[in-house]
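S.K.: Pasting a structure here, questions to come.
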Amino acid sequence: LAPDTTPAVLGQVDVLDSLTLEVEFDDFLDQTSELIGVSASLGPDSVGPPQVSTIMHQRDYVERLRAIRDSSYVADSIQFVEGQERIELLRSAGDSIAADEIESGLTTPRSPPESSQEDLRTRDLPKRMLYVLLARALATDQPYELSVVGVTNINDVPGGGGSAEVIRGMPQRE
């Protein structure tokens, strides 16, 4: 079996949210490698596209999401405890009506999801994805062109990249 001598080619781009693009390549990438020399940009310049602020591997993106969820849980927990303390103070002062109003709006924070053993085992395995974080939101229904250069595949073949059209659709209403 001959080793792979072709660079990773950009295959598809998905808009995860207004600030995040998931970029899939046709070849595996080393999750533990630094993304030195990798760059991405949106065009055309005539539409004033958002600048790329960060490019990261999938494991780093997942870790970032986990940190955001954890910090949201901590903030919710602090708010819950402060609400409980206000309720106790109001009740001890004889103001059960105000305490009941606060209590009716108080929700118990949900714990962030735990990392599964599978997530931990596969965290550093090669993946085909890179994540592009933007400095400002993509406009809806505006076509952009994402260009990525400098990608090195799992076999250390440099020169990968490519371009693809990106369109952020209108958010779905529930």
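Where a number appears in this text, it was derived from the coordinates with a stated rule and is not lab data. Just so it is clear, the model here is predicted, and its values are computed rather than measured. Don't worry about glycine lacking a Cβ; one is built from the backbone with ideal geometry, like all the others, and counts go over all protein chains shown.
S.K.: First check a/c for the stretch 129-172, with a ≥ b ≥ c the square roots of the eigenvalues of its C-alpha gyration tensor; if it is under 1.5, answer rounded, and if not, answer prolate when a/b is larger than b/c or oblate otherwise.
M.R.: Verdict is prolate for the stretch 129-172.
S.K.: Output wanted: per-residue J couplings in Hz (rounded whole) for the stretch 153-164, from phi through Karplus 6.51 cos²θ - 1.76 cosθ + 1.60, θ = phi - 60°, x for Gly and Pro.
M.R.: Computed from phi, the couplings for the stretch 153-164 are 7, 4, 8, 6, 8, x, x, x, x, x, 9, 7 Hz.
S.K.: Turning to a different aspect of this structure: Calculate, for residue 137 and residue 24, the FRET efficiency according to 1/(1 + (r/R0)^6) with r their C-beta to C-beta distance and R0 35 Å; round to the nearest 0.05.
M.R.: Once rounded, the FRET efficiency stands at 0.95.
S.K.: Under the rule of at least 5 residues apart or a separate chain, name every residue whose amide H is placed under 5 Å from the amide H of residue 11.
M.R.: Amide H neighbours of residue 11, under 5 Å, 5+ apart: 24, 25, 26.
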